[in-house]
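**Q** If you scroll down you'll find the structure; I have some questions about it.
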Amino acid sequence: MICRRLTAACVTLFCADIGLCGTDVRPYNEDAAYRLSSGLRIVSITPSPKAREEAGRIAVAAEPAWPYPVPPIAGFSPLIAVTTSDRKSSEDFDWEQRIESSYVGKPLNAPAEQNFVIGVLDTGSVVDLAAGDSAQILGLKGSYLTTNLFSIGGVSGTMDTTITKPIGIFAAGLGAIKPDGQLDLTKLVGHTNVCALASPAIECDNGESVSAIVGTPLLAFYTTVINVDQPRRVVVRGRTFIGPDIEVTNSYEAPASVYRHSIPMELGGLSPVTTASYYAFPDLDDFDDILGEWQPLTPTLLSMSSLSLPTGGSFFADVGVLQGEAGPLNSLQTARMLVDTGAQSSIISSNVAAKLNLPLEPDFTALVCGVGGTSEVPGYYVDYVRINALGGMLEFAHVPFVVIDMESSEGGSLDGILGTNLFWNRNVVLEPITTGSGFLHVSDPVPYAYIDLNFDDMVDVVDFAIFASAWGSTPADPTWNSLCDFYLDEVIDVRDLEAFVDSWVNMAGG
């Protein structure tokens with residue numbers, strides 16, 4: 001009731017009839033745009049002419065027509081601090097990773113407290129990777145690199161990366177960065193005797209696209225707690241990063257009273273998995289190499305055993321999708337989607353789009369940047385999405401998907417990717433299990449986490465003044481502020497106001 005009363009008062013003050021999207025292209029406010037999978041990013045969105053025409057008739061005070069929550073195009077980004085060490089095995093033919101509960105070894109680029117980078121916890125990546133300047137900061141250069149290459153990419157092109165020699169890789173949430181900007185090494189967990197990838201810079205027009213990625217070789221053996229309602233703000237090398245509070249731990253049991261929905265996840269690809277390892281081989285043209293150190297031929301990937309050829313693996317969930325009214329000739333389609341914490345937006349394949357009978361004209365087009373350049377892909381709002389879960393299904397309406405065809409770790413094409421935009425306002429716990437079914441535990445909706453518009457870690461009248469100054473605007477207006485467009489629908493209206501009020505009241509304890 002408090003929220004409704006405040007909303008009514010504010011609408012009285014600012015109300016006007018507003019149409020959507022007075023411009024053709026909407027560039028995103030983030031420095032590096034919204035992250036998809038496999039190093040891809042959405043650089044801009046272009047609504048279709050039909051979508052603009054229909055949206056222009058919607059008044060600001062209109063109630064949403066959708067019976068279920070409507071997700072935004074992009075969700076949270078699980079940002080982490082990443083650093084490295086020189087720790088590796090001293091035994092011959094020991095190519096298996098070691099899980100470490102603390103930082104061990106000597107820094108590749110001392111001091112580790114300063115020479116860390118902000119990366120992403122990415123269950124969509126089967127490898128650990130650092131690119132461009134981040135690889136240099138982490139010390140992935142010179143004697144720590146092999147001469148062997150590994151190709152990445154695939155959607156918009158491919159790129160050769162360099163396999164590192166065995167090292168240690170460690171990560172922690174943004175809360176491990178102290179007020180003086182130093183990394184608290186006591187809060188790190190990681191794995192050692194692992195071979196990562198060092199790549200050239202992967203860039204879009206608006207800056208570096210990929211910094212560092214910690215993938216399934218580590219995440220498959222830990223539980224990751226992501227608290228969206230506890231945002232962290234840090235400044236590293238003059239750049240501000242904001243993301244949910246994250247804890248990577250091996251001793252957390254998600255309480256059912258908090259995480260009321262548990263989505264089953266299944267490890268796809270190589271099975272069974274017991275470890276993560278790399279594979280090495282000597283240079284047969286050089287007899288000294290046969291007797292000496294063998295060079296890694298692969299990065300560290302999920303493996304059946306320490307001496308098996310590693311092939312990787314990913315976690316999948318079944319997602320129901322429906323376009324139009326359900327009926328005998330239009331039933332709910334089941335898509336097997338990769339659970340990708342590194343993807344802020346969700347993806348479906350052209351095959352799934354065809355099964356949904358989506359029209360040739362998309363609802364929007366997305367300019368996607370990745371390895372090999374940029375390409376334009378179609379996007380659709382799917383009427384209904386259902387995710388079955390222990391504790392009750394999660395249902396969504398008008399869910400945005402971009403259409404991209406990608407290879408699956410299980411072979412063939414991937415049905416789609418389940419991004420964090422479906423969980424934009426929920427806390428989640430990623431509990432992967434390599435020997436059976438894991439779970440993605442999901443809370444009920446929590447207070448909005450990112451409505452601190454002046455980044456002072458408070459939601460107060462200053463933030464409201466910023467929001468009020470952008471009220472009623474679209475991207476074509478001089479008062480437009482994309483930070484205030486919480487629903488990413490290119491108009492700052494009553495829905496955004498309600499979101500702001502919810503955040504203000506809840507964070508004030510009202």
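The values are calculated or read from the model by the stated rules, or taken from the named source; none is laboratory data. This structure is a prediction, so every number in the text was calculated from the model and none was measured. Every residue, glycine among them, receives a Cβ derived from its backbone with ideal geometry; neighbour counts consider all protein chains shown.
**Q** Could you check segment 227-243 and list, in sequence order, the residues that are surrounded by fewer than 24 Cβ atoms within 10 Å (Cβ to Cβ) and not basic (Lys, Arg)?
**A** Hits for segment 227-243 are Asn227, Asp229, Gln230, Pro231, Val234, Val235, Val236, Gly238, Thr240, Phe241, Ile242, Gly243.
**Q** Let me ask something else. What single numbered condition from (1) at pLDDT 85 or above; (2) within 19 Å of Gly181 (Cα to Cα) fails to hold for Ala276?
**A** (2)
**Q** Looking at segment 308-330, which of its residues are of a type in the set (S, T, N, Q) and farther than 21 Å from Ile417 by Cα?
**A** We begin by selecting, within segment 308-330, every residue of a type in the set (S, T, N, Q); these are 308, 311, 314, 323, 330.
Selection gives Ser308, Asn330.
**Q** Every residue in segment 347-370 that is modelled with pLDDT of 95 or more and outside any loop (DSSP other than H, G, I, E, B), please.
**A** Within segment 347-370, Ile347, Ile348, Ser350, Asn351, Val352, Ala353, Ala354, Lys355 meet the criteria.
**Q** Still on this structure, I have one more. Do you know which residues across segment 94-144 are part of a loop (DSSP other than H, G, I, E, B) and of a type in the set (Gly, Ala, Ser)? Break it down stepwise before answering.
**A** The initial filter retains those residues of segment 94-144 that are part of a loop (DSSP other than H, G, I, E, B), namely 94-95, 97, 101-116, 122-128, 138-141.
Of everything in segment 94-144, those that are part of a loop (DSSP other than H, G, I, E, B) and of a type in the set (Gly, Ala, Ser) turn out to be Ser101, Ser102, Gly105, Ala110, Ala112, Gly124, Ser125, Gly139.
**Q** If you don't mind, another one. Can you tell me which of Thr434, Thr374 is in a loop (DSSP other than H, G, I, E, B) and either among the β-branched types (Val, Ile, Thr) or modelled with pLDDT of 95 or more (or both)?
**A** Checking each option against the conditions leaves just Thr434.
**Q** Also, I was wondering about something else. What about Ser251, is it of a type in the set (Ser, Thr, Tyr), assigned by TED's automatic domain parsing to the domain that holds Ala112 and free of Cβ contacts under 8 Å to residues at least 40 places away in the same chain?
**A** Details: of a type in the set (Ser, Thr, Tyr): yes; assigned by TED's automatic domain parsing to the domain that holds Ala112: yes; free of Cβ contacts under 8 Å to residues at least 40 places away in the same chain: yes.
When the stated conditions are applied, Ser251 passes them.
**Q** Go over the candidates Asn388, Asn357 one by one and state the one that is surrounded by fewer than 17 Cβ atoms within 10 Å (Cβ to Cβ), more than 30 Å from Asn250 (Cα to Cα) and of a type outside the set (A, V, I, L, M).
**A** Exactly one of Asn388, Asn357 is surrounded by fewer than 17 Cβ atoms within 10 Å (Cβ to Cβ), more than 30 Å from Asn250 (Cα to Cα) and of a type outside the set (A, V, I, L, M), namely Asn357.
**Q** Limited to segment 400-419, what total is found for residues that are among the β-branched types (Val, Ile, Thr) and touching an Asp or Glu at 6+ places or on another chain (Cβ under 8 Å)? First the steps, then the outcome.
**A** Quick first cut of segment 400-419, residues among the β-branched types (Val, Ile, Thr) only: 402-404, 417.
Now drop any that are not touching an Asp or Glu at 6+ places or on another chain (Cβ under 8 Å), which leaves 417.
Result for segment 400-419: 1.
**Q** Within segment 489-510, restricting attention to residues that are in a loop (DSSP other than H, G, I, E, B) and crowded, with 19+ Cβ neighbours inside 10 Å, which residue is modelled with the lowest pLDDT? Steps first, please.
**A** Filtering segment 489-510 down to residues in a loop (DSSP other than H, G, I, E, B) leaves 489-493, 508-510.
Restricting the remaining residues to those that are crowded, with 19+ Cβ neighbours inside 10 Å gives 489-493.
Details: Asp489: 71, Glu490: 79, Val491: 88, Ile492: 92, Asp493: 91.
Among those residues, the one meeting the criterion is Asp489.
**Q** Quick check on my filter: what residues within segment 323-338 are over 24 Å from the mean Cα position of the chain (by Cα) and either closer than 17 Å to Tyr381 by Cα or in a strand (DSSP E or B) (or both)? Outline the logic, then answer.
**A** The initial filter retains those residues of segment 323-338 that are over 24 Å from the mean Cα position of the chain (by Cα), namely 323-333.
Within segment 323-338, Gln323, Gly324, Glu325, Ala326, Gly327, Asn330, Leu332, Gln333 meet the criteria.
**Q** Here's something else I'd like to know. Hey, does segment 394-415 have a residue that's outside any loop (DSSP other than H, G, I, E, B), of a type in the set (Phe, Trp, Tyr), over 18 Å from the mean Cα position of the chain (by Cα) and within 20 Å of Val321 (Cα to Cα)?
**A** Yes, that holds for at least one residue.
**Q** Next up: For segment 179-190, give me each residue that is of a type in the set (Asp, Glu) and modelled with pLDDT of 95 or more.
**A** Asp184, the sole residue that qualifies.
**Q** Can you find a residue in segment 254-263 that is within 30 Å of Thr147 (Cα to Cα) and not in a loop (DSSP other than H, G, I, E, B)? Spell out how you get there, then give the answer.
**A** First, pick out the residues of segment 254-263 that are within 30 Å of Thr147 (Cα to Cα): none.
Scanning segment 254-263 turns up no residue that is within 30 Å of Thr147 (Cα to Cα) and not in a loop (DSSP other than H, G, I, E, B).
**Q** Could you figure out which of (1) part of a strand (DSSP E or B); (2) at pLDDT below 95 isn't true of Asn193?
**A** Here Asn193 clears every test but (2).
**Q** Can you confirm whether segment 404-421 contains a residue that is modelled with pLDDT of 95 or more, buried (at least 18 other Cβ atoms within 10 Å of the Cβ), of a type outside the set (Asp, Glu) and in contact with a His (Cβ under 6 Å, 6 or more places away or on another chain)?
**A** No - not one qualifying residue is present in segment 404-421.
**Q** Further, regarding this structure: If we keep just the residues of segment 152-177 that are of a type outside the set (S, T, N, Q) and at pLDDT below 95, which is farthest from the chain's Cα centre (by Cα)?
**A** Asp160
**Q** Any idea which of Pro378, Pro478 is over 17 Å from the mean Cα position of the chain (by Cα) and surrounded by fewer than 20 Cβ atoms within 10 Å (Cβ to Cβ)? Break it down into steps so the answer makes sense when it comes.
**A** Working: Pro378 fails: surrounded by fewer than 20 Cβ atoms within 10 Å (Cβ to Cβ).
None of the others qualify; the one that does is Pro478.
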